[in-house]
Amino acid sequence: MDFKQRGKFAWLSHLMYSIKHRGLASTCSMGLKEWQKERELGIKTFGAHAPAELSIEADSKMGGHLYQPSSSVIFERAMNALPYNFSDKVFLDIGSGKGRALILAAEAGFRKAIGIEYANELNDIAYTNIEKVKSKFPKTEFVLQEGDALQYDITEEVDVIYFFNPFDEDAVRGLMLKVKPAFERKKPIYLVYVHPVHCNVLEEVLGDPTSVVKNWKQIPDVAVFSNQAKL
């Protein structure tokens, strides 16, 4: 599938892709749950935007994939694969888009949710969405940063790195140059890779995933990596 495609019918290709890999019933069920979650939270994160259609100055623009929001269903499954309570943890979303994963992180109980996004238009929408929900999650500090993830230094406060297939293989290799130093620290850290199409790149740098979450057709939805296996 071409994750860099543009045009008003890009969503249709994603729909057909989901039906092929998850089945019609599962795709419809997930779509309904996402719509319900949007209404429940009062946010607007739907849409499909190609990098070429956005105002992006970052070098990683050429490796960027079509924007789509994280599935709340898959997000919950991914968080269930992690071994701890999030009340004192920091979440980092690489390619935070319109802010849905950050808001889901707050709902999961993270004390801080950081987003790095290279598209100004998406970041502005994320600000709006987060303003709508901040009062619902007073224990979570939200931090939005506009910039290139390939130039972003992952600070020691981060406990969970999250990304939803934001880049092509070359850009993912560049991203691993920033992730590897974080994994060499003594502090436990987890990386959650949703729709892990370039999982081989992460395995070369980080080793085998500690867990893989698959759908009912046994296709991986999430791969979780941790430095704990190496300590």
At a 10 angstrom cut-off on C-beta neighbours, averaged per residue, how do the peptides 221-227, 202-208, 102-108 rank from highest to lowest? 102-108, 221-227, 202-208
Extension reserve of the Q228-S29 stretch, reckoned as 0.36 nm per residue once the Cα distance is removed: 68.1 nm
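At 0.36 nm per residue, minus the direct Cα-Cα distance, what do E203 and K187 gain on full extension? Give it in nm, one decimal, please.
Separation in residues times 0.36 nm, less the Cα-Cα distance, equals 3.8 nm.
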Calculated from backbone phi, Karplus (6.51, -1.76, 1.60) coupling profile of region 191-208 in Hz, x at Gly/Pro: 10, 10, 10, 8, 6, x, 6, 10, 4, 4, 5, 5, 5, 4, 9, 10, x, 5
Violating pairs (Cα-Cα greater than 19 angstrom) within the set K139/K178; K112/K139; K112/K180; K44/K134; K134/K178: K139/K178; K112/K180; K134/K178
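Where a number appears in this text, it was derived from the coordinates with a stated rule and is not lab data. This structure is a prediction, so every number in the text was calculated from the model and none was measured. Methodologically, a virtual Cβ is constructed for each residue, glycine included, from the backbone with ideal geometry; neighbour enumeration extends over all protein chains shown.
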